[in-house]
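The structure appears below as structure tokens.
Just so it is clear, none of the values below were taken in a lab; they were calculated from the coordinates. From a predicted model like this one, the values you see are computed outputs, not experimental measurements. Ideal geometry is used to build each Cβ from the backbone, glycine not excepted, and the neighbour counts take in all protein chains shown.
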Amino acid sequence: MTLTSQALRVPPRTLFLVAMSSLIALMFVPTNAFTAELKQIEVYKSPTCGCCKDWITHLQHNGFKVTAHDTLDMQTVKQQHGVAAQFQSCHTAIIDGYVIEGHVPANDIKRLLREHPMVQGLAVPGMPQGAPGMETGLKQPYNVLTIQGDHSRVYSHY
Ligand SMILES: [Cu+2]
């Protein structure tokens, strides 16, 4: 049995509009696991770190569910997760078994989760001006690195 506009007793134009809005709704249906469920990320930071808070806000705006942990001993956190000295920054985060060090843009984390490379994680060493959470009005070029122990490769450049 097919549904015709006559059977539904609505004008064809209405049916057309209903069909169109269903199509449009379908276009907004999440197409991957990331948008279907919020990704949980654990962020370790010192309680007084302002740029860490701003980075957390950046993650939340990009669909991450953030659990923040304040600690006065960031050095131990970095040691526990094996973040080599040359890659260190203010905060350290953990998601899906990866370590995320410093002001890494949300899009690079999403790409990491999508591509799932065999690396320890991502790092933006130091605190470059203009990175997410470091919106000072100045812009320094910086690299997002994949890190593995003492080794790194450029993952993206801004
Ligand atoms: Cu910072």
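Data table
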| read-out | value |
| --- | --- |
| Positive minus negative residues near Ile109 (Lys, Arg vs Asp, Glu; Cβ under 13 Å) | 0 |
| Cut-off under 5 Å, modelled amide H: who pairs with Gly121 long-range | Val99, Ile147 |
| Other-chain or far-sequence residues with amide H under 5 Å of Tyr155's (modelled H) | Val144, Leu145, Thr146 |
| Surrounding net charge for Asn143, when Lys and Arg each add one and Asp and Glu each subtract one, Cβ distance under 11 Å | 0 |
| Spin-label proximity, Gln86 to the stretch 101-126 - amide N less than 20 Å from point 7 Å beyond Cα toward beta carbon | 101-104, 119-126 |
| Whole-Hz couplings from phi, Karplus 6.51/-1.76/1.60, listed for the stretch 42-47; x for Gly and Pro | 9, 10, 9, 7, 7, x |
| Value of D in µm² per second that Stokes-Einstein yields for the stretch 37-157, Kirkwood Rh from Cα pairs, at 4 °C (1.567 mPa s) | 92 µm²/s |
| Proximal lysines relative to Lys78, as straight alpha-carbon distance under 26 Å, when same-chain residues fewer than 8 apart are discounted | Lys39, Lys45, Lys53, Lys65, Lys110 |
| Two-site label geometry, Lys139 and His69: point separation in nm, points 7 Å out along Cα→Cβ | 3.6 nm |
| Amide H contacts under 5 Å for Ser46, placed H, 5+ residues apart | Thr71 |
| In Hz, Karplus ³J(HN,Hα) per residue of the stretch 147-154 (6.51, -1.76, 1.60; θ = phi - 60°; x = Gly, Pro) | 10, 8, x, 8, 9, 8, 9, 6 |
